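Step one of this worksheet: look at the structure below.
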Amino acid sequence: MTKATTNTAPQAPRSNSTISTVAAILRCFTVDEPECGVTEIAEAVGLHKSSVSRTLRTLEAERMVAQNPETKKYRLNWGLLSIVGPLLSHLDLRSLAYPTMKELAEQTRETVSLCVFDGVEAIVVEQVQGTEMIRHVTPIGTRYLSLAHATVRVFHAWGGGEPGLKVEGVDEVQPAVLGWSKESYDQHCAEIRERLYAVNNRDSNADEVGIASPIFDHRGGIVGALLLAAPAFRTSEERIDTLCPAVREAAETVGRSMGFTPENFR
């Protein structure tokens, strides 16, 4: 038995530009909801149905979406690969991290994911599932927005890394989500930078514990994070204390493969 935890709520366009509208529409298609109708998309992004319909027809002509002839709903199409292909081909972080992720998953028997940050959300780009019968599974492409998630806290602790934080007006990433003041938020970020990991102990989901640690490159900049997710029922405080160093060491191992030298950085 597996349990999937996703964060896939659509968002309205972030500006009035056509590109922002297209991006908002494309974000409606998720692992959980691979097909969407015009009405569903219009309601999700706050646009008129006629505007959404015109945009979808244009995307269909570009082979970025396709319409199911039976349901009349749309889904993403292979034309998108012509855009994301160059990005995926250069995402060396995935191939460099995978052996260490596999080793950590085998060692802990829990699911290990690799996340990157786009300035607002942490995005799962690779995963090795745990070997326990009951385990947490987060499909590749899952996006974490809330500050309740360990990966989001890690990226916040380093100011979002190269993308920088772009969270103004996004309620889910404000300290108030966790009942924190600005001073408490700053203190938590400082603690994460000091110990090199963040713990989500049932904060985002009563059934889940998440531990995340940053991955640094040769410049000492954060380029990703490793996330270990485990069911809460078998993850006591004592086990968390054991798992945290393991995740931190695994993230450091990945960083060293990218030229990171902790001795020079700290």
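Quick note: the coordinates plus some simple rules give every number you see, no bench work behind them. Small disclaimer: the values here were computed from a predicted structure and weren't measured. Counting neighbours? That spans all protein chains shown, and the Cβs are built from the backbone with ideal geometry, glycine included.
Each of 180, 78 has some number of other Cβ atoms within 10 Å of its Cβ, and from fewest to most they run 78, 180. Within a straight-line Cα-Cα reach of under 20 Å, residue 102 can be paired with the following lysines, leaving aside sequence neighbours fewer than 8 residues apart in one chain: 3.
In this label model, residue 63 and residue 181 are separated by 5.8 nm, measuring between points 7 Å along each Cα→Cβ vector.
Subtracting the Cα-Cα distance of residue 166 and residue 40 from their residue separation scaled by 0.36 nm leaves 42.7 nm. Each residue in 101, 258, 133, 64 was given a count of other beta-carbon atoms within 10 angstrom of its own, and listing them fewest first yields 133, 258, 64, 101.
Between residue 84 and residue 106, the simple spin-label model (points 7 angstrom out along Cα→Cβ) gives 2.9 nm.
Of the residues 245, 157, 95, the one whose Cα sits farthest towards the positive end of the charge dipole of region 91-264 is 95 (charges of +1 on Lys and Arg Cβ, -1 on Asp and Glu Cβ, taken about the Cα centre). Cross-link reach is defined here as a Cα-Cα straight distance under 29 Å, omitting same-chain residues fewer than 8 places apart; for residue 182 the lysines meeting it are 166. Taking only the Cα atoms of the chain, the ratio Rg/Rh comes out at 0.99, with Rh defined as the Kirkwood radius. Per-residue ellipticity at 222 nm from helix content only, as computed over the chain with -39500 (n - 2.57) for each DSSP H run of at least four residues, stands at -12000 deg cm²/dmol. Listed peptides 229-242, 18-31, 200-213 appear in the order 200-213, 18-31, 229-242 once ranked by packing, highest mean of other Cβ atoms within 10 Å at the front. Each peptide in 150-159, 42-51 was scored by the mean count of other Cβ atoms within 10 Å over its residues; highest first, the order is 150-159, 42-51. With contacts taken as Cα pairs under 8 Å and at least 6 residues apart, region 18-83 reaches a relative contact order of 29 percent. Cβ crowding within 10 Å ranks 218, 149 as 218, 149, fewest other Cβ atoms first. Label positions at residue 98 and residue 239, each projected 7 Å from the Cα along the C-beta direction, are separated by 2.8 nm.
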